[in-house]
Amino acid sequence: MLTKLGQKFTDGFTKYMPSAYVFALLLTIVTGVLALAFTESEPIDILAGWYNGFWDLLAFGMQIVLIIITAYCIAQSSPVKKGIDYISKFIKTPTQVYLIIIAFGALLSLISFGMVVVTAILGRELALRNKGIHYPFLVACVYFSFNGWVCGLSSSIALLLNTENNFLVQKDILNDTISTSYSLGSTLNMVMILLFVVISPILIWLLIPKSHEGKELKDLQAALDDEENSVKEEAHSYKLPYKALSDSLNNAGWLQITVAILGLIYIIYHFTTKGFDLNFNIMIFIFFVTGMFLHMTPMRYSIAMKRASSNISGVLFQYPFYAGIMGIMMASGLGEKISHILASVATPESYAFIAYLTGGVINFAIPSAGGEFAVIGPSIINMVKGLGSPTEVTAMTARASMAVAYGESLSNLLQPFFLLIVFPVMGKGIKIQARDVVGYLFIPFVVLFVIQALLVTYIPL
C-alpha cells in the first residue's frame, strides 16, 4: 500500500513540479510579492535587497563547487575504484544498495553535510555494478540520507551558538555562548540521530518501488560517458612521441607529492592546534590534498578535475538566485515578520514546535541554515526568553534553535535546492530533474514531520 501511495505522489510531482531553476524563479517572485504585501518596504528597496543579496552566497557557492569536484576527483582515482569494486562484491541486491546508501549516508552526514557527495559517488558506482536498481529512487535515497547533518559536527546553528562573540552575543540577544552539550549533546539530538540512522532505512525499505523497468541507469543515459578510458590512460595519450621536458614536468610525481606533503603538514597542524574543527574550508583542502596523493601526477589530477567539473552549471548559476531571495527577506524584514507572528502564539509547551515549523517554512525561501538563522534566530531566542525560568532559558534556547535546524533540514526534502549538490555526480550523462526524485520523498517527509514534531515537543530538557 505504501509503495502504491508513494508512486501516486511521485507521478504527481513528475507532472506538476518544475525544474530547480524554475522553482527558484517562482520563489523569487512570490517572496517579492509577499514583501510588498506584508511589509512597509518600497518596491525599489526590495529590488535593491534582491540585487545586493545576489552576491552574499558567492563564497558559499564556490565552496559547494569545490566540495563536488574534489570529492568526485578522488572517486576517479584507481585506489578508490578498487575499493568500491571490493565493496560491491558483498552487495548483491537492489534492496541492499538502497539500505546501505541510507545508513552509510546518514553516518557520513554526521561528519559534514558536504559528505553527501561521497554518498552520491558510492550510489552511482553501485548502480553501475548492480542490476535492477531503480535509479531515480536511488537518487532520492542519497538525497534523503544527508537529512541528519544538522545533528552532527557541521551543524551550523549549534556551532554558531557556541562561537565566541557571535552576532547574537554582539547584539545582546544572548548573554553568552551556548555549549554544544545543550544542542548536539542533548537527549533530543541523540534520539534524532537514531531516527536518521535506524528508522530512516526501515522507512525507505517500505517504499522501494516494485518495478525498475525503464528506470535503471543504463536506461536513462542520454549519451555514453566520456570516461571509458581511465585517467591514467588519458594522461598517457597526451605525451609526445619523443622525450620532452614539458612531458616530464606534466607527469612529475615528485612535484605534486611534494606540494601534497606540505598540505598534509598543515592539515595535521590544523587539527593539532584547533581540535576537531571540521569546517567547509578544511574539508575541501583535505579533499584537494587527498586527490593529489591518489592521482600522483599533475597531468592525471588535471584530467580528473576536468571530468569532475563537467556538470556543475546548476550550482554556479542557481545559488545567486537563492541568495537574492534571502536578500529580499532580510531587506524587507519579511522573514523576521513571519517569525514574530509565529512566536506571538508560542507557549512553554509549544515554543519548540513553533520554532520547528518556522525553520521549515522559511527554508523554502532561504535554503541555508546559517542564512536562515541570521534572519529568524533573534526572534526565536527572544520568544524563548519570555517563556522560561532563568535556570531553563539556556536549554530552551538550544532546543528552539535546534528545532529550527531540524525543520530547515526536513523541508529540504521538498525544496530542490540541495539536489544541486547530488545531481552533478548522480545526474552525469543522464536526463534527470528534481521532479523525477522529490515525489519519492513526500511520504518520508510527512512521517518524519510527525515524529520530529512530537520529539521536539515532548522529549524532556
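The values are calculated or read from the model by the stated rules, or taken from the named source; none is laboratory data. Since this is a predicted model, take the numbers as computed values, not measurements. Note: ideal-geometry Cβ built from the backbone for every residue, glycine included; neighbour counts use all protein chains shown. We work out accessible area using only protein heavy atoms, side chains counted, and drop any ligands, DNA or RNA first. Shrake-Rupley method; radii C 1.70, N 1.55, O 1.52, S 1.80 Å.
Structure notes:
- Selected residue (only one of Leu414, Leu420 is under 20 Å from Leu27 (Cα atoms), surrounded by fewer than 21 Cβ atoms within 10 Å (Cβ to Cβ) and hydrophobic (A, V, I, L, M, F, W, C)): Leu414
- Only residues that are touching a residue at least 60 places away in the same chain (Cβ under 8 Å) and either surrounded by 14 or more Cβ atoms within 10 Å (Cβ to Cβ) or outside any helix (DSSP H, G or I) (or both) were counted across segment 241-299, and they come to 14.
- Restricting segment 64-84 to residues that are among the polar types (S, T, N, Q) and open to solvent by less than 40 Å² (accessible area, probe 1.4 Å) leaves a set whose member that is nearest to the chain's Cα centre (by Cα) is Thr70.
- Cross-chain or 6+ apart pairs with Cβ under 9 Å, segment 357-368 first and touching a residue at least 24 places away in the same chain (Cβ under 8 Å) and in a loop (DSSP other than H, G, I, E, B), then β-branched (Val, Ile, Thr) and open to solvent by less than 10 Å² (accessible area, probe 1.4 Å): Ala365/Thr31; Ala365/Ile325; Ala365/Ile328; Ile366/Ile325; Ile366/Ile376; Pro367/Ile325
- Annotation: of all residues in segment 35-63 being in a helix (DSSP H, G or I) and polar (S, T, N, Q), the one that is surrounded by the most Cβ atoms within 10 Å (Cβ to Cβ) is Gln63.
- Residue tally, condition part of a helix (DSSP H, G or I) and within 24 Å of Arg435 (Cβ to Cβ), over segment 129-148: 13
- The set of residues in segment 165-190 being surrounded by fewer than 17 Cβ atoms within 10 Å (Cβ to Cβ) and either touching a helix residue (DSSP H, G or I) at 6+ places or on another chain (Cβ under 6 Å) or free of Cβ contacts under 8 Å to residues at least 60 places away in the same chain (or both) consists of Asn165, Val169, Gln170, Asp172, Asn175, Asp176, Thr177, Ser179, Ser181, Gly185, Met190.
- The residues on offer are Ser368, Ser344, and the sole one that is within 28 Å of Val169 (Cβ to Cβ), over 16 Å from the mean Cα position of the chain (by Cα), at pLDDT below 95 and polar (S, T, N, Q) is Ser344.
- Failed item, numbered, when Ser313 is tested on (1) touching a residue at least 40 places away in the same chain (Cβ under 8 Å); (2) small (Gly, Ala, Ser); (3) within 21 Å of Ala120 (Cα to Cα): (1)
- Close Cβ contacts (under 6 Å, 6 or more residues apart or on different chains) running from residues in segment 146-164 that are closer than 14 Å to Gly370 by Cα and open to solvent by less than 10 Å² (accessible area, probe 1.4 Å) to residues that are among the aliphatic types (A, V, I, L, M) and at pLDDT 85 or above comprise Val150/Ala405; Ile157/Ala405; Ala158/Leu184; Leu161/Ile178.
- Taken over segment 300-327, residues that are small (Gly, Ala, Ser) and open to solvent by 30 Å² or more (accessible area, probe 1.4 Å) amount to 4.
- Answer residue from segment 219-233, given it is surrounded by 10 or more Cβ atoms within 10 Å (Cβ to Cβ), at pLDDT below 85 and not hydrophobic (A, V, I, L, M, F, W, C) and is farthest from the chain's Cα centre (by Cα) among those: Glu233
- Listed conditions (1) surrounded by 15 or more Cβ atoms within 10 Å (Cβ to Cβ); (2) not in a helix (DSSP H, G or I) are all met by Gly32, apart from (2).
- Tyr356 being crowded, with 24+ Cβ neighbours inside 10 Å, under 22 Å from the mean Cα position of the chain (by Cα), more than 27 Å from Gly123 (Cβ to Cβ) and among the hydroxyl-bearing types (Ser, Thr, Tyr): yes
- The residues on offer are Ile121, Ile84, Ile111, Ile102, and the sole one that is in contact (Cβ under 8 Å) with a residue 12 or more places away in the chain, farther than 23 Å from Tyr440 by Cα, among the β-branched types (Val, Ile, Thr) and assigned to a helix (DSSP H, G or I) is Ile84.
- Residue that is most open to solvent (accessible area, probe 1.4 Å) [pool: residues in segment 359-392 that are farther than 27 Å from Phe23 by Cβ and among the hydrophobic types (A, V, I, L, M, F, W, C)]: Leu387
- Residues of segment 328-353 that turn out to be open to solvent by 30 Å² or more (accessible area, probe 1.4 Å), β-branched (Val, Ile, Thr) and assigned to a helix (DSSP H, G or I), as a count: 2
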